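Presented below is the structure to which this report refers.
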2 protein chains.
Amino acid sequence: MSSDNKNSGASTLATTAKATAGAGSAGAGSRWLARTLYEKAGRPPIRLLLWDGTEIRGPDPVATVHIHSRAALLRLLLHPDLYFGEAFMHGDLEVEGDLVRFLESLYRARATAQEARLSRVAQSTLSRARRNTLNGSRNNIQHHYDLGNDFYELWLDRAAMQYTCAYFPRAEATLEEAQVAKLDHVCRKLRLQPGETVVEAGCGWGGLARHMARKYGVHVRAYNISHEQVAFARERARAEGLDDRVQYIEDDYRTIDGACDAFVSIGMLEHVGLENYPALSQAIDRVLKPNGRGLIHSIGRNRATGPMNPWIEKRIFPGAYPPSLREMLEIFEHGDFSVLDVENLRLHYAETLRHWLLRFEQHVETIGRRFDADFVRAWRLYLAGSLAAFSSGTLQLFQVVFNRARSNDLPRTRAHLYVETAEHLP
Amino acid sequence: MSSDNKNSGASTLATTAKATAGAGSAGAGSRWLARTLYEKAGRPPIRLLLWDGTEIRGPDPVATVHIHSRAALLRLLLHPDLYFGEAFMHGDLEVEGDLVRFLESLYRARATAQEARLSRVAQSTLSRARRNTLNGSRNNIQHHYDLGNDFYELWLDRAAMQYTCAYFPRAEATLEEAQVAKLDHVCRKLRLQPGETVVEAGCGWGGLARHMARKYGVHVRAYNISHEQVAFARERARAEGLDDRVQYIEDDYRTIDGACDAFVSIGMLEHVGLENYPALSQAIDRVLKPNGRGLIHSIGRNRATGPMNPWIEKRIFPGAYPPSLREMLEIFEHGDFSVLDVENLRLHYAETLRHWLLRFEQHVETIGRRFDADFVRAWRLYLAGSLAAFSSGTLQLFQVVFNRARSNDLPRTRAHLYVETAEHLP
């Protein structure tokens, strides 16, 4: 009987259970059952010891599980989640060793096994994605961001040339102060340490990347598909002597590679499109180290209510889509991540737009000469409309901080974000 | 022609447009079109002025919109979102007055109109809900929480009798300190002001309600369907002289009523079940004032992976389900809410459980005498298993802060949560 069973590894569990039910003694039957249970559990670092002396031993076991009968082993195999608790409660199974450490090792092993399954699903989803989306994104981005750096320089801040929501710790902060405060708020959320590596997806004119390298001592690989922005960013990095620590790469977020301690993306998600969230999730999954952290900053909405305003889509931002927070979370629930912190900064964006609109109007003659009256009216409406959308609560601004799901390298509280004095900065 | 049109209010827009297309002068045709546009926009506080002098005037108009041609008006009616921007850009439509205030009023009016539509949908969903769920919840809750207050008193904190995740601002905090710190963390997030009214759904032994009334000077209506817990809570409130400010109501969260400035629910959502999230959302929607804030604190998961562990469901928590953050957000996206802040406190729950397990083991003989050995093993496994689930990242603890979607009464930053000195407390 035992040799029969050795050869029936491919047969169903039910068949095996039936074949071994009559046997009262030790042998390959119970070993095969225990081995199957161990594999199903994702090979945790534990030791299984059966009633008949059979032993299955993982590497460096943290505890020994005594299973006292064949009936208990069979039930564990058939309904592990329900029956483990029942057997433990009734004493049909005993754990020798630290119960908490033992359970942690079970949970971790199962998460690893689930992760492997999900990763296979994600791979097959990705392979169905259309080939031309890389080109499509490039055209969409050039429509908006390649209008000329000098146009944006007229009305964006002079400190870091940020075309995203600023952060006003005090109402009276200037736009320049608020944009630098935003960069620091992001860097504190990422808990950057000197010497770490950061990947930035969608880096605009490169202000955040240079700020991180200069003030936090990290190495940055920053991606962007806007040719004009990348040229500007490289020139600035050279001028500031940061080109040994900041690398600007004219390529799509889907091509990011290498390993990093932190992933950051400020104001790119609006251009990614829901259908590409799995690809973004997979790209982050590919590069983020086991103790890695990340932050995605994006315009969003309180609920998914269909596509963006069609006029904005047509004239200003082709391909743009502001997700609801639920939709944003698909990125994290799709991969091996855990959401740690979400902050809604919509009134900060209204304030930012108030500054931009004011500066835009101050330069309206210059802009009218370079473009035309239709362009001026279109941009006036876009800036005023965006301001109104944020101040009325039609649009939101979400910063989502996440980390690797199984990393316990977490800050105890968020108090470190609100320490103003310089000596507390990383 | 104009009298024909007056009577054809029920006819389609296309018919009307055709009938009036030939008319070059003022009359009921253009007035009817402008009125329809105004109604479609949700009756914003604006003035519409047509090329022919026709005027539609909302109450206290913030701006005047000049529409320069019938063609522009027709296109606005057919595709308002796209054509408004086109007409503005080309000058076929002009806005007299503050452009931002005008756009804000449009967004607000549209949100109100959408809200009314969604509310009708929600009403019809609710009417389909099964009648016996109120009884089902009562049985499920009594299974766990009516084991006897003295059992829980053996191993919960003595400060506030909290059977939910504590908050350890410092690693060395005692369980008592950490549970009080949790209560304050929640109260600060809610920005409670003296004299305000709070509704609490699922109040346990009433510790948070008494703390809010005592320290923050608010009035609390606290709901719970566990008979034993409510009796305990009322007795404590009487003993502390708080029964004029705290009312404990032995009833289901679905029956909450009246108006409140803040809604709070700590550790109840796990027992609500996904199918009842729309009912919870509607209950909050019914009571929360226009400037109201809310907080939901719940065990959660990184991704939805089917039902809870079946053993826990069977022996410990019948009907329980820890949602993913995405699933939690259904509550807010279903109603007129905006998510402001999410914090994941899972390592604080691991620490809380470490304290509980230690105290449980210290009293294990007493517990064994009162119940039996199976009960002791079951609870040991439940506490150790929960600890392991939080420390390994299998379970999360989410605190979600939200407010009414259109309220701008928001804190500028979250720094007020991290001010330790008493004079900064509300």
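Below are the figures for this structure:
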| read-out | value |
| --- | --- |
| Added length on full extension, which subtracts the Cα-Cα distance from 0.36 nm per residue, A:Ala173 to A:Ser69 | 30.3 nm |
| Gyration tensor (alpha-carbon) shape descriptor, the stretch B:132-424, a/c threshold 1.5 | rounded |
| Rotation relating B and A, chain A residue nearest the axis via C-beta, angstrom | A:Val342, 2 |
| ³J(HN,Hα), Karplus 6.51/-1.76/1.60, whole Hz, each residue of the stretch B:363-372, x for Gly, Pro | 10, 5, 5, 4, 5, x, 5, 6, 10, 8 |
| Pair A:Leu274, A:Gln362: separation of 7 Å Cα→Cβ label points (nm) | 4.1 nm |
| Contour excess over end-to-end distance, with Cα ends at A:Asp60 and A:Arg412 and 0.36 nm allotted per residue | 123.7 nm |
| Nm distances between copies for A:Arg214, ranked from closest, using label points 7 Å along Cα→Cβ | 5.2 |
| Listed residue pairs exceeding 29 Å between alpha carbons, taken from A:Lys189/B:Lys189; A:Lys182/A:Lys289; A:Lys289/B:Lys182; A:Lys40/A:Lys289; A:Lys215/B:Lys189; B:Lys215/B:Lys289 | A:Lys289/B:Lys182; A:Lys215/B:Lys189 |
| Gain on full stretching of the segment that runs from A:Glu240 to A:Lys289 - 0.36 nm per residue minus C-alpha separation | 14.7 nm |
| Cβ-derived FRET efficiency at R0 41 Å, A:Gln193 paired with A:Glu153, nearest 0.05 | 0.80 |
| Shape category assigned to the stretch B:217-266 from the gyration tensor of Cα positions, a/c cut at 1.5 | oblate |
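Taken together, the values in this text are just the output of simple stated rules run on the coordinates, not laboratory data. Keep in mind the model is a prediction, meaning the values are calculated, not measured. All Cβ positions, glycine included, derive from the backbone under ideal geometry; neighbour counts span all protein chains shown.
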